[in-house]
Amino acid sequence: MEWNLVELLRVLCGLWFLPHMAGKAMHYRKASGTFDAAGFKPGMVFVGVTIAMEALAAIGLVFGIYPKIAAVFAILVLLGASYAVVKINGFNWRWQKMGPEFPLFWSLVLALTAIV
């Protein structure tokens, strides 16, 4: 199978969700507190919905199953994460201060892979 760079980037974006899902699943209660603090209540429900959306996004992106729809799920999760980071930490752009630039960049890359 010959891969082009956009496909490879799409797969990598999908794989990056695996540690995010694992972290939320392994620390469900702590994650729900973070979701509550960001205003996503009830946090326990939002953690479950987020894990499910991340799983659908990861499967779709990695295996090329409706990758554009998978990218939309991924972008929604990441925009939600960006909002949560700003809500909890204030608008600090730099990652050292827990800024939203990483999930926003990831969202932009996903959008580009979906439209190319």
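Brief remarks follow.
Residue by residue, here is whether (1) at pLDDT 95 or above; (2) part of a loop (DSSP other than H, G, I, E, B); (3) closer than 20 Å to Ile115 by Cβ holds:
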site	(1), (2), (3)
Gly14	yes, no, yes
Leu18	yes, no, no
Trp93	no, yes, no
Gly99	no, yes, no
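- Lys41 outside any helix (DSSP H, G or I) and among the basic types (Lys, Arg): yes
- Of the candidates Ala71, Ala25, Ala57, Ala114, the single residue that is under 27 Å from Leu9 (Cα atoms), in contact (Cβ under 8 Å) with a residue 12 or more places away in the chain, in contact with a Lys or Arg (Cβ under 7 Å, 6 or more places away or on another chain) and assigned to a helix (DSSP H, G or I) is Ala114.
- Any pair with Cβ under 9 angstrom, 6 or more apart, that starts in segment 85-101 at a residue that is among the aromatic types (Phe, Trp, Tyr) and ends at one that is modelled with pLDDT of 75 or more: Phe91/Gly99; Phe91/Pro100; Trp93/Gly99; Trp93/Pro100; Trp93/Glu101; Trp95/Glu101; Trp95/Phe102
- Meets criteria (assigned to a helix (DSSP H, G or I), modelled with pLDDT of 95 or more and either in contact with a His (Cβ under 8 Å, 6 or more places away or on another chain) or under 27 Å from Leu8 (Cβ atoms) (or both)) for Leu78: yes
- Residue match in segment 42-49 (condition: surrounded by 15 or more Cβ atoms within 10 Å (Cβ to Cβ), closer than 20 Å to Gly99 by Cβ, modelled with pLDDT of 95 or more and of a type outside the set (Phe, Trp, Tyr)): no
The values are calculated or read from the model by the stated rules, or taken from the named source; none is laboratory data. As the structure is a computational prediction, the values presented were derived from the model and not from experiment. FYI the Cβ positions are ideal-geometry reconstructions off the backbone, even for glycines, and counts take in every protein chain you see.
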